[in-house]
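A.B. asks: To start, I am sharing the structure in question, which I have written as structure tokens.
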Amino acid sequence: MANYKKPRFKDATFKRFLSVVLGTLLLVSLLVVSLGTNATPGSSGLDEGLSESVVNIQSFREKLNLPKENDFSIRLEKQNRLPPRNIDLYPRLAKDHITIVLYVHNRPQYLRVVVNSLSKVVGISETLLIVSHDGYFEEMNKIVEGIKFCRSKQIFAPYSPHVFTDSFPGVSSKDCQEKDEAGKKHCVGNPDQYGNHRSPNIVSLKHHWWWMMNTVWDGLKETRGHDGHILFIEEDHFIYPNAYRNLQLLVSLKPNKCPDCYAANLAPCDVNLRGEGWNSLVAERMGNVGYAFNRTVWRKIHGKAKEFCFFDDYNWDITMWATVYPSFGSPVYTLRGPRTSAVHFGKCGLHQGQGKTNACIDNGSVNIQVDDIDKVANIRPEWDVKVYQNQPGYKAGFKGWGGWGDNRDHRLCLNFAQMYH
């Protein structure tokens, strides 16, 4: 009897064990299927996620009918996705930091001056500096790569005319030139209001600024979730040591001192002035040297993409003054201190000053006086606000200087506004 029951016990145990194993395998299989179904893009690896993201972006851009990218522009796009430099030196950004965006073209001697001035700015190590390039120029790239005083990130306009050497947005063999008549010359292009056809080197100024704004506010991982103010400066803006601390004060004071102000500025709107020296803050028309605004203002600007993209002027700032700001329905004031914290030092145009013999800087350097008062914050919270009204300058009704009449530029501009939406 004992010999008969023992095998039955082993058989029952084996069956129970087998059922447990089979049940476990079934649960594991279901779990694997479930995880595979609900996995988020990129969960199987960074490269895979990035690849899918790139495909999605490319597919969307094809729908926008953006110019077909060449190998160079594709490489620049990849560069734009790289993380900032110097994270090991500055692992944490200040909680209330104001991101700084420096937009540059191809004036390396100018860039050295502004980078040197930024290196002496109090508080610069607390924030992120983004340098936006209009195309790619090796000397400009090397200067920025040498920055060690803060976190820095470079972005390169992939649709810059400087990147497309034989097709739009650059120059193509079929493009109309100067005052050509398209019908007679059998060329491509639409003239501006003065009868002149586009010049790629000139229209790149407006294209770069608009691409940069859309990319910084809505495209970059580092800033697309940032609602606070962002400061914008150019390669020929000398920045004083107290600029960042003064800007922080202006941003904190603006809601109460000037609730109708759209922005904060480091310098007077008249670039020839250095400030009044009063014991009061100043509210005036928005300037183009060291200006900062938040996402709420950006959304208003972005909502006026058509006005911006169709106004016949190749200058982004004149376009803003003459058509975008007036469309807001009320004066666009900015808040600043009574003493400048930034100076425009450029003597030459946008695409001059590239070579050592054509520096556009006296003796290859600038001589801007920085007094002790310019080295520390010199704005006082208790000051009142002096408001300038009816200032001279470009206003609604100005027709524009032209240079922006080609329908292809209008479409590209509008596409930039939709790239990240």
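A.B. asks: State all residues of the stretch 353-396 that are in a loop (DSSP other than H, G, I, E, B), open to solvent by 70 Å² or more (accessible area, probe 1.4 Å) and modelled with pLDDT of 95 or more; if no residue qualifies, say none.
C.D. replies: Passing the criteria: Lys375, Val376, Arg380, Glu382, Asp384.
A.B. asks: Would it be correct to say that Asp192 is open to solvent by less than 50 Å² (accessible area, probe 1.4 Å), more than 24 Å from Glu235 (Cα to Cα), among the acidic types (Asp, Glu) and at pLDDT 95 or above?
C.D. replies: Judged against the criteria, Asp192 is a match.
A.B. asks: Considering only residues that are without any contact (Cβ under 8 Å) to a residue 60 or more places away in the chain and more than 20 Å from Leu253 (Cα to Cα), which ones fall in the stretch 290-303?
C.D. replies: Arg299, Lys300, Gly303
A.B. asks: Can you find a residue that is modelled with pLDDT of 95 or more and part of a loop (DSSP other than H, G, I, E, B) anywhere in the stretch 68-82?
C.D. replies: Within the stretch 68-82, one or more residues are modelled with pLDDT of 95 or more and part of a loop (DSSP other than H, G, I, E, B).
A.B. asks: A follow-up question, please. Taking the criterion of being under 21 Å from Trp316 (Cβ atoms) and among the aromatic types (Phe, Trp, Tyr), would at least one residue in the stretch 213-223 satisfy it?
C.D. replies: The answer is yes; a qualifying residue exists.
A.B. asks: Here's something else I'd like to know. Whether any residue in the stretch 272-289 is in contact (Cβ under 8 Å) with a residue 24 or more places away in the chain, open to solvent by less than 10 Å² (accessible area, probe 1.4 Å), of a type in the set (A, V, I, L, M) and under 30 Å from Pro200 (Cβ atoms) is what I want to check.
C.D. replies: Yes, the stretch 272-289 has at least one match.
A.B. asks: Taking helices (runs of 4 or more DSSP H) that do not extend beyond the stretch 95-213, which have at least 1 residues that are in contact with a strand residue (DSSP E or B) (Cβ under 6 Å, 6 or more places away or on another chain) and among the aliphatic types (A, V, I, L, M)?
C.D. replies: Once the helices (runs of 4 or more DSSP H) in the stretch 95-213 are filtered for at least 1 residues that are in contact with a strand residue (DSSP E or B) (Cβ under 6 Å, 6 or more places away or on another chain) and among the aliphatic types (A, V, I, L, M), what remains is 108-119, 138-145.
A.B. asks: Next question. If a residue must be more than 31 Å from the chain's Cα centre (by Cα) and either farther than 25 Å from Asn70 by Cα or charged (D, E, K, R) (or both), how many such residues does the stretch 157-177 contain?
C.D. replies: So the count comes out to 1.
A.B. asks: When you scan the stretch 121-169, how many residues do you find that are acidic (Asp, Glu) and modelled with pLDDT under 95?
C.D. replies: Here the count works out to 1.
A.B. asks: Ok, one more. From (1) among the hydrophobic types (A, V, I, L, M, F, W, C); (2) under 26 Å from Arg107 (Cα atoms); (3) in contact with a Lys or Arg (Cβ under 6 Å, 6 or more places away or on another chain); (4) part of a strand (DSSP E or B), pick out the condition that doesn't hold for Cys269.
C.D. replies: (4)
A.B. asks: Pairs please, first residue from the stretch 194-208 and on the phi < 0 side of the Ramachandran plot, second anywhere and open to solvent by less than 50 Å² (accessible area, probe 1.4 Å) and of a type in the set (A, V, I, L, M, F, W, C), Cβ atoms under 6 Å, 6+ apart in sequence or on different chains.
C.D. replies: These pairs meet every condition: His197/Cys176; Leu205/Leu350; Lys206/Trp316; His208/Ala157.
A.B. asks: Restricting the first residue to the stretch 77-96 and requiring it to be touching a residue at least 24 places away in the same chain (Cβ under 8 Å), which pairs with a second residue that is crowded, with 17+ Cβ neighbours inside 10 Å and among the aromatic types (Phe, Trp, Tyr) meet a Cβ separation below 8 Å and a spacing of at least six or different chains?
C.D. replies: Note: pairs meeting the criteria are Gln79/Phe156; Asn80/Phe156.
A.B. asks: Could you please let me know if Asn256 is surrounded by fewer than 22 Cβ atoms within 10 Å (Cβ to Cβ), of a type outside the set (A, V, I, L, M, F, W, C), more than 21 Å from His226 (Cβ to Cβ) and more than 20 Å from the chain's Cα centre (by Cα)?
C.D. replies: Yes; evaluated as a whole, the condition is true for this residue.
A.B. asks: Follow-up. Anything in the stretch 220-253 that is open to solvent by 20 Å² or more (accessible area, probe 1.4 Å), out of contact with any helix residue (DSSP H, G or I) (no Cβ under 6 Å at 6 or more places or on another chain) and within 26 Å of Glu77 (Cβ to Cβ)? List them, or say none.
C.D. replies: Across the stretch 220-253, the qualifying residues are Lys221, Glu222, Gly225, His226, Glu234.
Residue by residue, here is whether (1) open to solvent by 40 Å² or more (accessible area, probe 1.4 Å); (2) among the charged types (D, E, K, R); (3) over 22 Å from Cys413 (Cβ atoms) holds:
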position	(1), (2), (3)
Ile98	no, no, yes
Asn116	yes, no, yes
Phe137	yes, no, yes
Gly146	yes, no, yes
Tyr159	no, no, no
Asp166	yes, yes, no
Val171	yes, no, no
Lys174	yes, yes, no
Val188	yes, no, no
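A.B. asks: Among the residues of the stretch 305-323, which ones are without any contact (Cβ under 8 Å) to a residue 24 or more places away in the chain and in a loop (DSSP other than H, G, I, E, B)?
C.D. replies: Within the stretch 305-323, none qualify.
The values are calculated or read from the model by the stated rules, or taken from the named source; none is laboratory data. Just so it is clear, the structure is predicted and the values come from calculations on it, not from any experiment. A quick note on method: Cβ atoms are made from the backbone with ideal geometry, for glycine too, and the neighbour counts reach across all protein chains shown. SASA here: full protein model, heavy atoms, side chains in, ligands and nucleic acids out. Shrake-Rupley method; radii C 1.70, N 1.55, O 1.52, S 1.80 Å.
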